[in-house]
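Let me give you the structure first, and then I'll get to my questions.
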Amino acid sequence: MTAATATTAETFRPALHYAARNTWLNDPNGLIFHDGVYHLYYQNNPLDNVWGNMSWGHATSPDLLTWTEHPVAIACDEEEDIFSGSIVFDRDNSSGFGTDSAPALVAVYTSAFKQGSAHPGIQAQSLAYSRDGGYTWTKHTANPVLNRGSAEFRDPKVIWYDGAAGSYWVMVAVEATDFQVVLYKSYDLSSWELLSTFGPANATGGVWECPDLFTLPVDGDPGNLKWVLTVNLNPGGPNSGSAGQYFVGDFDGTTFTSATTVTEGPQDPDRLGEYQWLDWGRDYYAAVSFSDAPENRRLMIAWMNNWEYANHIPTSPWRSPMTLAREISLHTVGGNPRLVQKAAGDFASLAGLARTFSLMDTEISDGTHILDGAAGTVQRIDVTLTCGSATEFGLIVRGDGDQGTRIGIRHLDGALIVDRRNSGQTDFHEAFASIDSAPLQAANGSYELTIYVDHCSVEIFAQGGQVTMTELIFPAPGSSDLAVYASGGTATINSLHVTQYS
Ligand code: FRU
């Protein structure tokens, strides 16, 4: 590689998001906060920057913003690829992998058995343990511990259930092509008993993968806990390709009962917009939450890519970033329980780097207006806009007067749009250039957006995080203008505040 191409490729390396140093990654795995450190394991090809040789890579962070890469944690071998899964801190040494005074971390992962192995073509659940706080791992000799003889049984997420029915480990995993979450119970992480199944329900436009199950208080009331079941699916997302949906309901220790199911069985394509999505953008997949996050926070990270074009995005030597870590909470919106999200990282720790730009109470006339002094390539934008006579209005980020990514409101359609058709490099795959939308209602005629712009992405939290859209973009390095625009009339910026991180 010449110095020139190296420089160009590295211009996309995110500043606020994790990406591996020089390899491929997909799903976040085994997210856990332990001994004061956030551990992010992930589907990793240690040998290349396309999918393959699936192993668990590893990074740690003190603040969810700055990450340190470590050696591969659990490596594939001749027998198996190491597919997605989770990690628990086995406090009571139920597995016997640690000791009472020094309990182990236990990883529960999918063994994707290779041809020529003892279980050719089978996906089954296996264990590995760490006695040094998550840095080195040993595979259990009696793997797999849960084998249904299925070729599509994967992505175990294990939680500790402590409720009316007792205290035990619960695993949620998927029978991917049946659009089903399967729930199991164990007292020792080795021996598993089937509890129940959930699905098909709501979106079934693609295989179900990477489920999660957790409680959240409704509107912050600790006396009113609801259970949330998240399920990623690929393809079948609201704007095409990979995405994640969620259900809110109850779990009695055996069965998850959804209160937000719109359709059971195969999805109704006309009702896709009524299903509950973790994110409406094209690049938010395989989202799962941390175990043992401090202060009971529910923190999620997703893979910021889409299987439609994942192996082709124009970055090297690395490929695929993670999203920002998000704190999710449950609020009553229009009488219904809905997830609300915000970026969780310790942005205040970056404050020393930051420069700011502000604008108040300014009318936007028809056209595009570059904001002098607001240009940047890594920025957080907090903006409140009120509609006027324009049919569409909003911001253009990472612009240069020619290219740019449009983030807009179509007030009469009740829609938030992201238009990345002219965002920079788009021709590396036919499915990439897109204009995507999410339903968004005004609050008293106004829209509040928080947007994180990085070297290859935009993440939008709208109306206090009730609606989110996450998309990759690959702008020219010099495309750093921030503009506001209105089409066919006017709009008003009530307030605009830009924090620059580069
Ligand atoms: C989701 C997924 C998982 C699987 C892993 C393999 O992106 O397909 O279902 O465990 O990736 O890398």
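Using only Cα atoms, what Kirkwood radius does the stretch 59-149 have, in angstroms?
Final number for the Kirkwood radius of the stretch 59-149 is 14.2 Å.
Could you check how much of the accessible area of the stretch 19-343 is carbon and sulfur, as a whole percent, using a 1.4 Å probe?
47 percent
Now for a separate question. Give the residues of the stretch 76-93 whose amide nitrogen is closer than 15 Å to a point set 7 Å from the Cα of ASP162 in the direction of its Cβ.
Counting only backbone N, you get 89-93.
Another question, then. Leaving ligands and nucleic acids out of the surface, order VAL158, VAL145 by accessible area at 1.4 Å, largest first. Don't jump to the answer; show the numbers that get you there.
Values: VAL158 0, VAL145 30 Å².
Putting VAL158, VAL145 in descending order of accessible area: VAL145, VAL158.
Then there is this: What is the sum of charges around ALA286, taking Lys and Arg as +1, Asp and Glu as -1, for the other residues whose C-beta is under 12 Å from the C-beta of ALA286? The partial results should precede the final answer.
Details: positive: ARG154, LYS157; negative: ASP27, ASP155, GLU209, ASP212, ASP279, ASP283.
Surrounding charge for ALA286 is -4.
Expressed in nm to one decimal, what extension gain is obtained for the pair ALA354 and HIS497 from 0.36 nm per residue of sequence separation less their Cα-Cα distance?
Gain on extension, ALA354 to HIS497, equals 50.3 nm.
Counting pairs on different chains as well as pairs 8 or more places apart, how many Lys pairs in the chain have Cα atoms under 25 Å apart?
9
Sticking with this one: Give the carbon-plus-sulfur fraction of the accessible surface of the stretch 352-500 in %, rounded to a whole number; probe 1.4 Å, heavy atoms of protein chains only.
46 percent
Here's something else I'd like to know. In the stretch 407-502, how does Rg compare with the Kirkwood Rh, expressed as the Rg/Rh ratio over alpha carbon atoms?
Using only Cα positions, Rg/Rh for the stretch 407-502 is 0.95.
Taking only protein heavy atoms and a 1.4 Å probe, what accessible area per residue, in Å², does the stretch 19-343 have with all protein chains in place?
34 Å²
Please work out the ratio of the alpha-carbon Rg of the stretch 362-448 to 2.2 N^0.38 Å and round it to two decimals.
Values: Rg = 13.7 Å, N = 87, 2.2 N^0.38 = 12.0 Å.
Normalised Cα radius of gyration, the stretch 362-448: 1.14.
Take the alpha carbon atoms of the stretch 144-275, find their radius of gyration, then divide it by 2.2 N^0.38 Å using N residues; give the quotient. Walk me through the numbers on the way to the answer.
On the way: Rg = 14.9 Å, N = 132, 2.2 N^0.38 = 14.1 Å.
Against the empirical 2.2 N^0.38 Å value, I get 1.06 for the stretch 144-275.
Oh, and also: Put SER130, SER167 in order of accessible area, largest first, 1.4 Å probe: what do you get? Please report the intermediate quantities before stating the final value.
Values: SER130 0, SER167 55 Å².
Sorted descending by solvent-accessible area, the residues read SER167, SER130.
Per-residue counts of other Cβ atoms within 10 Å, averaged by peptide: what ranking do you get for 238-244, 250-256, 101-107, 218-224, highest first?
Highest to lowest by the protection proxy: 238-244, 101-107, 250-256, 218-224.
Also, quick follow-up: So how long is each side of the chain along the principal axes, counting just the alpha-carbon atoms, biggest first, in Å?
68, 57, 41
The values are calculated or read from the model by the stated rules, or taken from the named source; none is laboratory data. Please read these numbers as outputs of a predicted model, since none were measured by experiment. Methodologically, a virtual Cβ is constructed for each residue, glycine included, from the backbone with ideal geometry; neighbour enumeration extends over all protein chains shown. Side chains are part of the model used for accessible areas, which takes the heavy atoms of the whole protein and leaves out ligands, DNA and RNA. Shrake-Rupley method; radii C 1.70, N 1.55, O 1.52, S 1.80 Å.
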